[in-house]
Amino acid sequence: MRRSSLLNIRGVGTTYAQAIQAWQPHAVFSPEVAWVGEMIQADAARILELLGQIKALEAKIDAVAQESSVASILDSIPGFGRVCSAELAGELGTIERFRSDASPGLYVGMSNLDNSSGKVQGSKAPKHVKTRAKAAMMIAVDRHRKCVPESQKYYEKKRGEGKSHNQAIRALGRHLCRVIYKLLKEERDYEIRD
C-alpha cells in the first residue's frame, strides 16, 4: 500500500505508516483467506457504501438546517456542530413550547426532578426525556466546553466537587439550556463576552 494511501486512513500517522510499510513485504495471509476473502470484500464494500450514505445524509441535514432559524442560532454556539444543532432544533421545535428557561433543560434531560420529602433532600432523573435530544446535547456540550475556556473552568470546578464526567457535562448543559432559551427568545446568535 502506498504511503499516501496509508496516511489518508483515519488514525494512521507516520509511525504506523512506517510500521505497516515495513511489514508489507513479509506479510502472509492465513490459509482461511480463500474461504473468507469474499466476505471481507463484501463487508468492505458495504462499509464504503454506508460511508457514502452518511455523507449524503449530512449534506441533506446541512441543507435543511440552513433553512431553520433555530438550527442557525444553535449552530452559532461554539462546539455545536451542524448535525447536533439540526437534531436539537428538530426536537425542540419552537421555544414557545416552554414556559421557563428551566423547561428545555428538563426536556433534553440536562436537569433532574425534585424528589424531596420531609427532611430528605433528593432528586431523580426524569423518565420522559427525548433520548436523541439528550445524546445530541451531551455531545454538543462536551465539544462546547473544549472550545470555550469559561465552560472548561466550570466543568473542572464540577469535577473538583467530585462529580463524574457525565454529571459535570449535565451541569454545564443546564446552564447552556438557559442560554439557548434566552437566545431563541431574543432571536440572536451566541457571542463570547470578555
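Tabulated data
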quantity: Among (1) surrounded by fewer than 19 Cβ atoms within 10 Å (Cβ to Cβ); (2) free of Cβ contacts under 8 Å to residues at least 40 places away in the same chain; (3) under 21 Å from G81 (Cβ atoms) - the single one L172 does not satisfy; calculated: (1)
quantity: Members of segment 1-42 that are surrounded by fewer than 10 Cβ atoms within 10 Å (Cβ to Cβ) and among the aliphatic types (A, V, I, L, M); calculated: A22, A27, V28, A34, M39
quantity: Residue check for I9: part of a helix (DSSP H, G or I), modelled with pLDDT under 90 and either among the aliphatic types (A, V, I, L, M) or over 29 Å from V129 (Cα atoms) (or both); calculated: no
quantity: Test: residue in segment 70-85 that is among the small types (G, A, S) and either more than 25 Å from the chain's Cα centre (by Cα) or surrounded by fewer than 10 Cβ atoms within 10 Å (Cβ to Cβ) (or both); calculated: no
quantity: Answer residue from segment 25-48, given it is of a type in the set (G, A, S) and modelled with pLDDT under 85 and is nearest to the chain's Cα centre (by Cα) among those; calculated: G37
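The values are calculated or read from the model by the stated rules, or taken from the named source; none is laboratory data. Remember, it's a predicted structure, so these values are computed and weren't measured experimentally. Glycine also receives a Cβ, built like all others from the backbone with ideal geometry; neighbour counts cover every protein chain displayed.
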